[in-house]
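Quick note: the coordinates plus some simple rules give every number you see, no bench work behind them. Predicted model, so just to flag it, every value in this text is computed and none were measured. Backbone-built Cβ (ideal geometry, glycine too); neighbour counts: all protein chains shown.
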Amino acid sequence: KRLILVGPPGSGKGTQSPIIKDEYCLCHLATGDMLRAAVAAKSPLGVKAKEAMEKGQLVSDDLVVGIINEALEKPSCQKGFILDGFPRTVVQAEKLDEMLKRRGVKVDKVLNFAIDDAILEERITGRWIHPASGRSYHTKFAPPKVPGIDDVTGEALVQRKDDTAAVLKSRLEAFHKQTEPVIDYYSKKRIVANLHAEKPPKEVTAEVQKVLS
Ligand code: AP5
Ligand code: ZN
């Protein structure tokens, strides 16, 4: 399957991705995770992306289209993929169509993590992540077994620099202005499935499984 996950910051894309990934053996391409890794490594890509990310603005279409185009070549992505956080503008969606057309494949489903903005601040400010794996926890909703420690590796958890109430405002603004039109773009192609992303994680997983079965 070839899937796109779209939704505002904190809607649960990164939480559901590993579950869908394991169930369907897909590769998980999260542009946010890839950009954060580039920033941490201070690579040329990271240097270009850092400022916009810290402000909660989108990085340029060319940068993210470039990393996705490269990632889609990975052998593990040939049978299917989950795009988490891409495309986020209509330009990115059009470029993705071109990239997939060249490869003779198309998107099967767009999972829309629909949720009210009001719930998101608590989710975002309580999040802790394990950078190496992309696993995320929440102090209240999904606490690790030991506070501040990743369940699997025993390594330290960190908070994302953009996970503050102030930066969340910009991220939400970018979502409504630039990313909501992407949902309309795919609605016209009749491949959008709307999820109730405000429900508890397990219930959201059940909805995803129903859509994909
Ligand atoms: P990105 O990393 O994609 O961030 P985002 O879209 O803001 O999404 P989040 O990762 O914050 O939310 P999520 O839906 O994954 O939530 P999660 O599951 O972790 O992008 C970061 C930045 O990179 C952007 O601002 C931009 O600068 C740049 N960028 C990335 N892609 C780009 C692109 N294509 N174009 C341009 N720029 C781009 O859940 C959040 C928390 O809630 C966790 O703590 C979790 O445990 C908890 N939780 C999850 N589900 C539930 C639930 N059902 N109930 C209760 N708690 C829950
Ligand atoms: Zn995420």
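Sorted by packing (mean other beta-carbon atoms within 10 Å per residue), highest first, where do 147-155, 84-92, 54-62, 120-128 land? Numbers along the way, then the final one.
Numbers: 147-155: 12.6, 84-92: 21.3, 54-62: 16.0, 120-128: 19.4.
With the highest mean Cβ count within 10 Å placed first, the list reads 84-92, 120-128, 54-62, 147-155.
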*In whole Å, largest first, what are the principal axis extents of the Cα atoms in the chain?*
46, 41, 34
*At 0.36 nm per residue, minus the direct Cα-Cα distance, what do Thr164 and Asp22 gain on full extension? Give it in nm, one decimal, please.*
48.1 nm
_Out of the trypsin sites (Lys or Arg not before Pro) in segment 144-213, which ones are loop residues according to DSSP with at most 15 other C-beta atoms within 10 Å?_
Lys145, Lys161, Lys188, Lys189, Arg190
*Taking H as built 1.01 Å from N, whose amide H comes closer than 5 Å to the amide H of Ala114, not counting residues under 5 places away?*
Leu195, Ala197
*Are there cysteines in the chain with no other Cys C-beta under 4.7 Å, and if so, which?*
Cys25
*Amide H partners (placed H, <5 Å) of Arg135, local residues excluded*: His130
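Could you tell me which of rounded, prolate or oblate describes segment 56-178, using a ≥ b ≥ c as the square roots of the eigenvalues of the alpha-carbon gyration tensor, with rounded for a/c under 1.5 and, failing that, prolate when a/b is larger than b/c and oblate otherwise? Provide the component values of the computation, followed by the final result.
Values: a/c = 2.27, a/b = 1.46, b/c = 1.55.
Oblate shape, in that a/c is at least 1.5 and b/c is the bigger or equal ratio.
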*asked:* Using a Gaussian network model on the chain with a 10 Å cutoff between Cα atoms, which of Val64, Val146, Val192 fluctuates the most?
replied: Val146
*Can you list the equivalent-ellipsoid semi-axes of segment 142-213, largest first and in whole Å, using the square root of 5 times each Cα gyration tensor eigenvalue?*
30, 22, 10
_Explain nothing, just compute: Karplus ³J(HN,Hα) = 6.51 cos²θ - 1.76 cosθ + 1.60, θ = phi - 60°, for every residue of segment 81-88 in order, whole Hz, x for Gly and Pro._
7, 10, 9, 10, x, 8, x, 10
*Name the residue, out of Ala118, Ala49, Ala71, whose mean-square fluctuation peaks in a Gaussian network model built on the chain with Cα pairs under 10 Å.*
Ala118
*When the chain is modelled as a GNM with alpha-carbon springs shorter than 10 Å, which of Ala174, Ala142, Ala197 fluctuates the most?*
Ala142
*Would you give the gap between the C-alpha center of segment 2-59 and the C-alpha center of segment 156-213, rounded to a whole Å?*
12
